[in-house]
Amino acid sequence: MYQFLHVFFFVFHLLLVLFNLTGWIWKRTRRAHLITICLTLASWTLLGLRYGFGYCPLTDWHWQVLKKLGKTGLPNSYLKYLLDTLTGLDWNANFVDTTAVVGLVFALAASLWVNFRKTKS
């Protein structure tokens, strides 16, 4: 069961990250993107007040599963974990964290722009 949960969290979280970065592009997904990017921002900041900036419950749950599977030495950043796992490299944590914040801010700005701009009729 834990192996299934590991695969589920890995795939779901990866797809959510990709959607958060690109979901604003397509007209059909713009509203859903705005919701997911705002929820991500709220998690990182509001829940982050209690658990630390960048907190994500999905990461927390996946870490619990990985610990049950005997995995130790997990990084602080889920994105670093994804990149390390997918590429086999040891990514610089500061680079990954900075890129994550820049990506979130850009995707949020893009989402706000495409969702609320006035279009010519």
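The values are calculated or read from the model by the stated rules, or taken from the named source; none is laboratory data. Keep in mind it's a predicted model, so treat the numbers as computed, not measured. Here the Cβ is made from the backbone with ideal geometry for all residues, glycine too, and neighbour counts use every protein chain on show.
Things to note:
- The range 50-69, subset of a type in the set (A, V, I, L, M, F, W, C) and outside any helix (DSSP H, G or I), residue modelled with the lowest pLDDT: F53
- When residues of the range 94-121 are limited to those that are assigned to a helix (DSSP H, G or I) and β-branched (V, I, T), the one farthest from C56 (Cα to Cα): V114
- Residue in the range 14-26 that is over 20 Å from A109 (Cβ atoms), of a type outside the set (D, E, K, R) and surrounded by 12 or more Cβ atoms within 10 Å (Cβ to Cβ) present: yes
- If the condition is being within 11 Å of Q3 (Cβ to Cβ), surrounded by 13 or more Cβ atoms within 10 Å (Cβ to Cβ) and either in contact with a strand residue (DSSP E or B) (Cβ under 6 Å, 6 or more places away or on another chain) or not basic (K, R) (or both), then the range 61-75 contributes V65, L66.
- Filter result (surrounded by 14 or more Cβ atoms within 10 Å (Cβ to Cβ) and free of Cβ contacts under 8 Å to residues at least 40 places away in the same chain) within the range 94-121: V96, T99
- Verdict on G88 being small (G, A, S) and without any contact (Cβ under 8 Å) to a residue 40 or more places away in the chain: yes
- Residues in the range 76-93 that are surrounded by 14 or more Cβ atoms within 10 Å (Cβ to Cβ) and in a loop (DSSP other than H, G, I, E, B): S77, W91.
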